[in-house]
Amino acid sequence: MRKVDLASEIYEKVGISKKEAAEIVELVLSVVKTTLQKGETVKIAGFGNFVVRNKRARKGRNPKTGEEIGITPRKVVTFRPSQVFKKYVNK
């Protein structure tokens, strides 16, 4: 499913224009991205949590050559589904 598909679902179920539905999807995703960029957790009840985690610097290997390389520290976003969501998916 893509953003366009989400907007279409909102358009069909809520009855607003397609343009307004697309703007709502963009707004929600923008708020989620901004919140995660600040390092805060996004908790959506009944769905799950988006969490920013810090990865430390470490050594890795180039799989082709076997050469050791340094992997820089970075932030990653993880998703932890809620129990309600897990039960729904596993019906």
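One table, with the values for the structure above:
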{"quantity": "Partner lysines for Lys55 [C-alpha distance under 25 Å; skip if fewer than 8 residues away on the same chain]", "calculated": "Lys33, Lys38, Lys43, Lys64, Lys75"}
{"quantity": "Cβ-based net charge around Lys13, under 14 Å, with every Lys or Arg adding one and every Asp or Glu removing one", "calculated": "-3"}
{"quantity": "J(HN,Hα) series, segment 27-37, from Karplus relation 6.51 cos²θ - 1.76 cosθ + 1.60, nearest Hz, glycine and proline x", "calculated": "5, 4, 5, 5, 5, 4, 4, 5, 5, 5, 4"}
{"quantity": "Per DSSP, loop trypsin sites (Lys or Arg not before Pro) in segment 1-75 with at most 10 further Cβ within 10 Å", "calculated": "Arg2, Lys38, Arg56, Lys64"}
{"quantity": "Derived scalar couplings ³J(HN,Hα) [segment 7-17; Karplus, 6.51 cos²θ - 1.76 cosθ + 1.60; whole Hz; x for Gly, Pro]", "calculated": "4, 5, 4, 5, 4, 6, 8, 9, x, 9, 5"}
{"quantity": "Phi-based couplings in Hz for segment 77-82 (Karplus 6.51, -1.76, 1.60; Gly and Pro marked x)", "calculated": "9, 10, 10, 10, x, 6"}
{"quantity": "Summed residue charge, Cβ within 11 Å of Gly39's Cβ, Lys/Arg positive, Asp/Glu negative", "calculated": "+2"}
{"quantity": "Kirkwood Rh (inverse of mean 1/r, distinct Cα pairs), the chain, angstrom", "calculated": "16.3"}
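Only the coordinates and a few stated rules stand behind these numbers; no lab work does. Given the structure is predicted, the values throughout are model-derived calculations rather than measurements. As a convention, Cβ positions derive from the backbone with ideal geometry for all residues, glycine included, and neighbour counts pool all protein chains shown.
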